[in-house]
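The values are calculated or read from the model by the stated rules, or taken from the named source; none is laboratory data. Quantities reported herein were computed from a predicted structural model and do not represent experimental measurements. Counting neighbours? That spans all protein chains shown, and the Cβs are built from the backbone with ideal geometry, glycine included. Keep in mind that these areas ignore ligands, DNA and RNA; they rest on the heavy atoms of the full protein, side chains included. Shrake-Rupley method; radii C 1.70, N 1.55, O 1.52, S 1.80 Å.
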Amino acid sequence: EAMQRMLEDGHPDLVVADHGFAGAAIEAGVETLSVADVNDPALIVAKAQGRTEVVVVLDDHVPPEAYWPCFQAAAGRF
């Protein structure tokens, strides 16, 4: 509900969020870069349905430094 109220006040060009905030932005038709936990499939389903383009899947039980190689690979693309 909080994200829905925020989106009523203004329509951003892009939302970077996880869980419910990302879901609310997708529902509102806002371009969204979503961060999804491996055990929370809603954002992954939204991508499979073509409702959003970018979903980064992470495991919240993995220490952030373990994702360093992923960051380096993604940074090398741009």
Peptides ranked, highest mean first, by Cβ atoms within 10 Å: ranges 26-36, 65-75: 26-36, 65-75
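Give the percent of DSSP beta bridges with both residues in the chain that are antiparallel, rounded to the nearest 5. Show your work: numbers first, answer last.
Working: 0 of 9 bridges.
About 0 percent, rounded to the nearest 5.
When the helices in the chain are scored as -39500 (n - 2.57) per DSSP H run of 4 or longer and the sum is shared across all residues, what 222 nm value do you end up with, to the nearest 500 deg cm²/dmol? Walk me through the intermediate numbers first.
Values: 4 runs with 33 residues, N = 78.
Counting only the DSSP helices, I get -11500 deg cm²/dmol.
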Among D13, D60, D37, residue whose mean-square fluctuation peaks in a GNM of the chain (springs only between Cα atoms under 10 Å): D13
Evaluated at q = 0.19, 0.23, 0.24, 0.30 Å⁻¹: base-10 log I(q)/I(0), Debye formula over Cα of the range 1-51: -0.55, -0.79, -0.85, -1.22
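Considering all alpha-carbon pairs of the range 34-78, what whole percent are spaced by more than 11 angstrom? Before the final figure, lay out the partial values.
Numbers: 681 of 990 pairs.
Counting every Cα pair in the range 34-78, those more than 11 Å apart make up 69 percent.
Over the chain, give the accessible area per residue in Å² for a 1.4 Å probe, as an integer.
Values: 5650 Å² over 78 residues.
Result: 72 Å² per residue.
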Coil-residue trypsin sites (Lys or Arg not before Pro) of the chain, DSSP, other Cβ within 10 Å capped at 10: R77
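Considering only protein heavy atoms and a probe of 1.4 Å, how much of the accessible area of the chain is carbon and sulfur, as a whole percent? Show your work: numbers first, answer last.
Working: 3290 of 5650 Å².
That fraction is 58 percent.
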